[in-house]
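What follows is one structure encoded as structure tokens, with my remarks underneath.
None of the figures in this text is laboratory data; all of them are computed from the coordinates on show. Given the structure is predicted, the values throughout are model-derived calculations rather than measurements. Every residue, glycine as well, gets a Cβ built from its backbone with ideal geometry; the counts of neighbours run over all protein chains shown.
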Amino acid sequence: MEELKEELQDVDVDVNEIQKLLPHRYPFLLVDRIQKMSKTKAIGYKNVTINEWFFQGHFPNYPIMPGVLIVEGMAQCAGVLALKSIGFDPNSSKKPIILFASIDNVKFKNPVFPGDKLVYEVEVVKLSGKFGKFKGVAKVSDKVCAEAEMMAAIQTE
């Protein structure tokens, strides 16, 4: 597939633009910025701080980011990629919502701690009509923390 060999370009999709694309808001917006992108791949990140709401209970004496939220962050990054890939206009009155359809082959390999820069690398496996399939990897300092395959449905309001 020639399209999958596209070069990643430096981009600066900041949190303001992400919020024009995704319906998520604090405290559930888990992507701070997308910094590289092509039609089929994106690299974004979240700066994880001790002030995150989930550290209050996960775990008070050993704060680690819940794995499900790492997967959610990958999915949000994939959502931005999907909407950019299909040419969605963020100023459109019809706002799409991307919903999980399935999550497969999830693996948690290393914990994410306060102070980490969590990097999401996502790739389109297939994008057609109202469905998309993606692969994602989350890393801290090039060390894999989690990986997953995700399927999503794209719906408009």
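One table, with the values for the structure above:
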| item | result |
| --- | --- |
| Looking only at segment 107-142, and only at residues there that are polar (S, T, N, Q) and out of contact with any strand residue (DSSP E or B) (no Cβ under 7 Å at 6 or more places or on another chain), the one that is surrounded by the most Cβ atoms within 10 Å (Cβ to Cβ) | 141 |
| Unique residue being hydroxyl-bearing (Ser, Thr, Tyr), in contact with a strand residue (DSSP E or B) (Cβ under 7 Å, 6 or more places away or on another chain) and either within 26 Å of residue 141 (Cα to Cα) or surrounded by 10 or more Cβ atoms within 10 Å (Cβ to Cβ) (or both) when the list is 40, 49 | 40 |
| Close pairs (6 angstrom Cβ cut-off, 6 or more residues apart or separate chains): touching a residue at least 60 places away in the same chain (Cβ under 8 Å) and buried (at least 17 other Cβ atoms within 10 Å of the Cβ) in segment 6-31, assigned to a loop (DSSP other than H, G, I, E, B) and not charged (D, E, K, R) anywhere | 18/31; 21/90 |
| Filter pass, residue 104 being loosely packed, with under 14 Cβ neighbours inside 10 Å, within 22 Å of residue 155 (Cα to Cα), out of contact with any Pro (no Cβ under 8 Å at 6 or more places or on another chain) and of a type in the set (Asp, Glu) | yes |
| Condition met for residue 91 (assigned to a loop (DSSP other than H, G, I, E, B) and either aliphatic (A, V, I, L, M) or out of contact with any Leu (no Cβ under 6 Å at 6 or more places or on another chain) (or both)) | yes |
